[in-house]
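Reading through the structure tokens given below for one structure.
The values are calculated or read from the model by the stated rules, or taken from the named source; none is laboratory data. No experiment lies behind these values; they were computed from the predicted model shown. No Cβ is skipped: glycine too gets one built from the backbone with ideal geometry, and neighbour counts run over all protein chains shown. Surface accessibility is based on the protein's heavy atoms, side chains included, excluding ligands, DNA and RNA. Shrake-Rupley method; radii C 1.70, N 1.55, O 1.52, S 1.80 Å.
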Amino acid sequence: MSDDVRIHTVEQLLDTIDAVVATSARGDRSQASAAEFWTELLSRPGHPLATQLPDEPLVDWHERGLLDLAGARVLDIGCGSGRNSRWFAEQGATVEGIDLAAPLLDSVRPTMPASVNLTASDILRDPLPAGQFDLVYDSGCFHHLAPHRRITYLARVVPAVRDGGRFGIVTFAAGRVQTPTDLEVVTTGDTGGGMAFSLEDLRTIFAPLDPLEVRPVHSDREGTFGADFLNAALFSTTT
């Protein structure tokens with residue numbers, strides 16, 4: 001937006017705050033320009049996310065009957081190396097995985113099951129895969145969005161869940177990770193290493209959906225990825 005345009009729409013306001021974030025030292029890590037950053041981070045030896053294990057809550061929810069994945073259509077937001085996308089496919093789902101890290105997706109795409117489609121895409125700005133999904137899952141994307149773009153995320157993502165479907169999310173846990181306040185982010189543009197959310201935050205932000213379970217992630221389940229600095233939530237849509 002031009003510097004001499006007076007803001008008079010919500011989208012102009014959001015774009016203006018985008019510019020504040022983009023000109024900060026870290027830049028805007030929610031845009032395609034951050035593809036190399038995310039590829040390096042998710043491929044870095046020793047980084048917690050440089051794993052091929054599925055998230056602990058997914059395995060738990062599936063075993064307890066909260067997720068029916070046989071024949072399901074799944075949208076995996078911020079799919080990274082495809083570790084959860086692969087697991088979804090192994091449970092019988094058809095998966096659309098999206099992430100900013102285009103080079104990483106190019107490297108792992110040939111190793112994915114045939115029922116997994118990986119696309120380099122910006123969850124806030126690019127078209128989403130067509131249609132609705134039985135499950136929309138976000139493992140670590142939402143907590144890297146600047147606060148003002150949560151509005152955009154909700155407007156785009158919640159309608160992608162079909163009636164009776166599920167929305168699952170894993171975020172940094174408030175009190176376990178030091179993160180900036182929303183006010184600090186929108187005034188300085190610096191999103192830090194991401195933002196943390198309490199269990200009540202997740203219930204409130206995703207209030208259009210019905211909570212099935214909101215809890216800390218467990219770090220002691222063998223064969224899964226879990227860390228005590230994460231919270232998880234599973235919601236359903238009203239049928």
Checklist entry - On full extension of the chain, what length is gained from Ala207 through Phe229, given 0.36 nm per residue of separation minus the C-alpha to C-alpha distance? => result 5.6 nm
Checklist entry - Can you list the chymotrypsin sites (Phe, Trp or Tyr not before Pro) in the stretch 142-239 that are in a DSSP coil and have 10 or fewer other beta carbons within 10 angstrom? => result none
Next on the checklist: Rounded, prolate or oblate for the stretch 149-239? Axes are the square roots of the Cα gyration tensor eigenvalues, ordered a ≥ b ≥ c, and the cut-off for rounded is a/c under 1.5.
Outcome noted: oblate
Checklist outcome for this item: Pseudo-spin-label distance Leu183 to Ser33, built 7 Å along Cα→Cβ, given in nm, is 2.8 nm
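Sum -39500 (n - 2.57) across every DSSP H segment of at least 4 residues in the chain, then divide by the residue count to get the 222 nm mean residue ellipticity, nearest 500.
Working: 8 runs with 67 residues, N = 239.
Calculated mean residue ellipticity at 222 nm is -7500 deg cm²/dmol.
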Checklist entry - Which order do Ser121, Ser107 take by accessible area at a 1.4 Å probe, largest first? => result Ser107, Ser121
Item to check | Overall dimensions of the stretch 78-140 by Cα: Rg and Dmax, Å | outcome: 10.9, 30
Checklist outcome for this item: 1/(1 + (r/R0)^6) with r = Cβ-Cβ of Glu40 and Arg150, R0 = 35 Å, i.e. FRET efficiency to nearest 0.05, evaluates to 0.85
Item to check | Accessible area per residue, Å², the chain with all protein chains present, probe 1.4 Å | outcome: 46 Å²
Checklist outcome for this item: Nearest-0.05 FRET efficiency for Ile7 and Ala50 at R0 = 45 Å, using Cβ-Cβ distance, is 0.60
Item to check | Selection of trypsin sites (Lys or Arg not before Pro), the stretch 5-77, meeting DSSP coil and at most 12 other Cβ within 10 Å | outcome: Arg6, Arg64
Checklist outcome for this item: In the chain the DSSP beta bridges are antiparallel at a rate, in percent to nearest 5, of 35 percent
Item to check | Label-point separation, Ala174 to Asn117 (7 Å along Cα→Cβ), nm | outcome: 3.8 nm
Item to check | the chain: projected area of the alpha-carbon convex hull, averaged over directions, in nm² | outcome: 13.1 nm²
Item to check | Charge dipole (the chain, unit charges on Cβ, about Cα centre) - positive-most of Trp38, Pro127, Val186 | outcome: Pro127
Next on the checklist: Assuming 0.36 nm per residue, please report the length gained on full extension of the stretch Asp126 to Ser24 beyond their Cα-Cα distance.
Outcome noted: 34.4 nm
